[in-house]
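All remarks here apply to the structure that follows.
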Amino acid sequence: MEQDKKSVFSAMEVAKICGVVNQTAINWIKNGYLKAFSTPGKQYRVYPDDLVTFMVKRSMSIPDSLMALCKEKHFDAKSLLIVDDDKGLNSVIKMYLQKKIDGLSIFQAFDGFEAGSLMVEKHPNCLILDLDLPGVDGFGLCKKINEGEIYGKPSIVVVTALEDSDVEARVMELGAKKFFKKPLNLVELVESVSNLF
């Protein structure tokens with residue numbers, strides 16, 4: 001079966017997929033950026049899931065053929081990712097949601113790159129997303145989520161302190177389901193998240 005044959009990639013195959021030279025892929029592995037294992041003959045091998053995680057962290061384009069080789073993952077039926085670089089607010093939202101919604105798995109990210117990686121790994125059903133983020137901003141994340149299947153199409157709840165008059169219209173156009181201005185009303189936020197589940 002073709003899928004079984006491609007359950008791992010050599011450094012050269014990784015290089016080809018990523019559009020770099022072989023030595024670059026080897027350096028990624030040696031420096032610990034790309035997770036890999038060694039064969040008895042000391043050749044590097046990379047699992048599709050690890051390659052996808054690596055590529056997402058670096059905002060690389062991922063071929064559908066590579067995504068098809070990733071193992072089937074079993075995701076939590078009720079899971080949520082909070083993406084906000086304000087660590088205090090991120091933690092307050094997490095604690096409040098845990099108290100109010102039973103059986104909810106909550107993940108936290110503090111920048112856009114970390115958010116992308118966690119979405120690929122965990123496939124949360126819902127995303128509470130700040131727009132003003134280091135790395136990939138919230139607008140960029142909304143756009144990426146709606147451009148492909150890699151992130152699992154979570155429902156997006158935007159929270160922002162941005163004052164631009166067109167912010168709400170822009171994020172709704174990019175696929176957000178709900179929009180909240182900071183300071184947050186946590187009761188309303190929980191109600192909206194509960195309704196999305």
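The values are calculated or read from the model by the stated rules, or taken from the named source; none is laboratory data. Computed from a predicted structure; not experimentally measured. Cβ sites come from the backbone with ideal geometry, for glycine too, and all protein chains shown count toward neighbours.
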Please go through segment 33-68 and give me each residue that is surrounded by fewer than 17 Cβ atoms within 10 Å (Cβ to Cβ), small (Gly, Ala, Ser) and either in contact with a Phe, Trp or Tyr (Cβ under 6 Å, 6 or more places away or on another chain) or more than 28 Å from Ile145 (Cβ to Cβ) (or both), ordered by number.
Ser38, Gly41
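Inspect all residues belonging to segment 155-162 and state whether any of them is in a helix (DSSP H, G or I) and either of a type in the set (D, E, K, R) or modelled with pLDDT of 90 or more (or both).
Step one: filter segment 155-162 for residues in a helix (DSSP H, G or I), giving none.
No, segment 155-162 contains no residue that is in a helix (DSSP H, G or I) and either of a type in the set (D, E, K, R) or modelled with pLDDT of 90 or more (or both).
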Every listed condition ((1) part of a helix (DSSP H, G or I); (2) touching a Leu at 6+ places or on another chain (Cβ under 9 Å); (3) free of Cβ contacts under 8 Å to residues at least 40 places away in the same chain) holds for Val190 save (3)
Quick check, is Val158 surrounded by fewer than 21 Cβ atoms within 10 Å (Cβ to Cβ), of a type in the set (A, V, I, L, M) and within 23 Å of Lys181 (Cα to Cα)?
no
Could you please tell me which pairs satisfy a Cβ distance under 9 Å, a separation of 6+ or placement on different chains, a first residue in segment 147-175 that is at positive phi, and a second residue that is of a type in the set (Val, Ile, Thr)?
Gly152/Val120; Gly152/Ile145; Lys153/Ile145; Gly175/Ile145; Gly175/Ile156
